[in-house]
1. For the residues MET581, MET555, what sequence is obtained by ranking on other C-beta atoms within 10 Å, fewest first?
2. Rounded to whole Å, give me the distance from the Cα center of region 50-94 to that of region 213-288.
3. Mind giving me the nanometre distance, one decimal, between the label points for ALA591 and LYS459, set 7 Å out from Cα along Cα→Cβ?
4. Which of the trypsin sites (Lys or Arg not before Pro) found in region 353-418 are loop residues per DSSP with 16 or fewer other Cβ atoms within 10 Å of their Cβ?
5. For region 438-597, build the charge dipole from Cβ charges (+1 Lys, Arg; -1 Asp, Glu) around the Cα centre, then report which of PRO461, ILE488, ASN502 sits farthest towards its positive end.
6. Please give the FRET efficiency for ASP414 paired with ASP75, using the beta carbon to beta carbon distance and R0 = 51 Å, rounded to the nearest 0.05.
7. Once label points are set 7 Å from the Cα along Cα→Cβ at both ALA439 and ILE265, what is their separation, rounded to one decimal in nm?
8. Most exposed first by the Cβ proxy, i.e. fewest other Cβ within 10 Å, how do VAL205, VAL415 rank?
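Please treat every number below as a calculation from the coordinates, not as lab data. If you're wondering where the values come from, they're calculated on a predicted model, not measured in any experiment. Heads up, the Cβs are rebuilt from the backbone with ideal geometry, glycines too, and the neighbour counts pull from every protein chain shown.
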Amino acid sequence: MSVRGTKDLRTAIIALALFALGPGCSCAQQIATRGKLAACQRPAPGGIVTEPEEIRSHHAVLKAELTYVNFTAADGQEQYCYLSTSGGEAPTLRVHPGDLLILRLKNELKGPADLAANSGAQVPASTTTNAPTNSMFMPVQSPCDGVSMTALSTNLHFHGLTVPPTCHEDDVLRTMVDPGSRAFEYRFRIPRDQPPGLYWYHPHVHGYTNVQVLGGASGALIVDGIARANRLLLGLPERLFIIRDQNLLNPDAQPVQSGNVPPPIVLRDPEGDILNTGTGGGKPAKDLSINFIPVPFPQYPPAQILVRPSEKQFWRVLNGSAITYLDLQVLADNVPQPLGVVSLDGIPINEDGTAGNRIIWQSHILLPPAGRAEFIFKGLPKGVHASFVTRTVDTGPAGENDPTRPLAAITVSDVAPEPARLPGSAAPLPRSTSSVWLADVKPVRTRTLYFSETPQDPKNPNSPTIFMLTVEGQPPMPYDPRSSKPNIIVRQGDVEDWIIQNRTRELHAFHIHQIHFLMLDWNGVPVDEPFLRDTVNVAYWDGKSSQYPSVKLRMDFRDPSIVGTFVYHCHLLEHEDGGMMGTILVEPKPAQRTASKAVSRSAHFAAQGSAKF
Ligand SMILES: [Cu+2]
């Protein structure tokens, strides 16, 4: 076709588009908006799982621009979308330790009225109660002192990165990016000693995190170099799977009946979520998706993972769910396959430096919301019927129903696309010799914190739940964003032990920003974990035992860059939004002591000239 012909065709397409938009539109703006929404459309069930677009660093700098939009999809779901400049949704950010990350975030969220005008979709009445609205007060303020947050505010948390809790880095308490403002720039350096592995980004505006993450607002951040920590991974093909939850696509459907067993009765908690049946079946509280391909209740048509025959792969899996627990398993002809775990929460499991190339073989992997697991998939022969599933998780009598269900069928084929591979050779990560492994540090004090819940109206158990995470000795109350008084104050350089109790009848997942921790005890039983976590599940209370279920965690405040105020909370986001959060202030060391402080891991790596990874 001639250049002229191409131009004519383009003119005709634009004319058609204008015609379709109807009269009286702000046409250029609507075309732009619709282009973004088209790019954000989610795939249909049953599709082939592909990896998200990647944005990689060049010359030690990663530059990314994300436009953040929302819309009501044709199926009525409220969706939130991070869009890259090349049109990819929720791109994976790939960095090396020591890289500079420059991320510009443009907030183009719209309230229900604007959504209806732009998308042509019907906005359900329910969205006026639990989704953004333009009618709320939109403050004119600096994004760095955004103390008043609205449903259209957003920000980013870089989950698991050891980055300072300051504006333009990893602060969620004061950083509020509002629509209409200029693109907000995040700019920070990935720590040189950040363990290589899977991290992620998501919004963290108190009160509105759940609706945004449930709508799909999350993406992966990979710190490259994991084969340097575990040489058994050198050269393996790598896959990334992000499991997200979303509201049910078929909320009125009944569970598929097996045999003569009647489906469990659907009961709901005061928040309207479907309660755990304890049977492993029944209607789930949420649907799941894998790399945005939905696997909807009740038929659960699986997505398709294509693999080559007997090809060993390295799988990275993020539970990006707002509230759903996963218990991952690979079945081949109904037999669970061993999964070789090499990393949890972005931290290689040989982080203590004593057991190189360590692998823990498991037949299933429990992942609370926000948890990550990176593991070796051993490969499967042709002709096998295989699937990637989540087993049911007993979330407690007050928890949501997370039944057993498939995520994807694994199809073994000679013509499966070849995934990108980890480097075939790389220098091993240097071992730290001067920083003391956290298990060997004497804590300066022990604190107890506890999850608790109470109905808003003490006389009405069905009234909405108040969610709390309280430091023992302080009055229990939900997180108050207006309070500037931290719940906990520690000194940089300290190491503390925290006992986290669960005094409720459902599971909670404890998470703290900025640092990782070492789990010492599980329900009073010592565990010996050679790695750190940033999110940990806490078992539910049976309602009668005199001892509450608990975990004991060693909290590491030694990193000299982590000074300031940040949060710890339950990572079931409905709970967090409902108040299950607290703040901690890490005070700097007095100046005279700073010079003689123990050498941090970062300082150690820099000192031995290994900083350039
Ligand atoms: Cu919780």
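1. Values: MET581 24, MET555 21.
Ranked by crowding around the Cβ, least crowded first: MET555, MET581.
2. The distance from the Cα centre of region 50-94 to that of region 213-288 comes to 21 Å.
3. 6.0
4. Values: sites: ARG358, ARG372, LYS378, LYS382, ARG391; in loops: ARG358, LYS378, LYS382, ARG391.
Answer by residue number: LYS378, LYS382.
5. So the residue furthest toward the plus end is ILE488.
6. Details: r = 36 Å, r/R0 = 0.70.
Result of the calculation: an efficiency of 0.90.
7. Distance between the two pseudo-spin positions: 4.8 nm.
8. On the way: VAL205 23, VAL415 6.
Placing the least packed residue first, the sequence is VAL415, VAL205.
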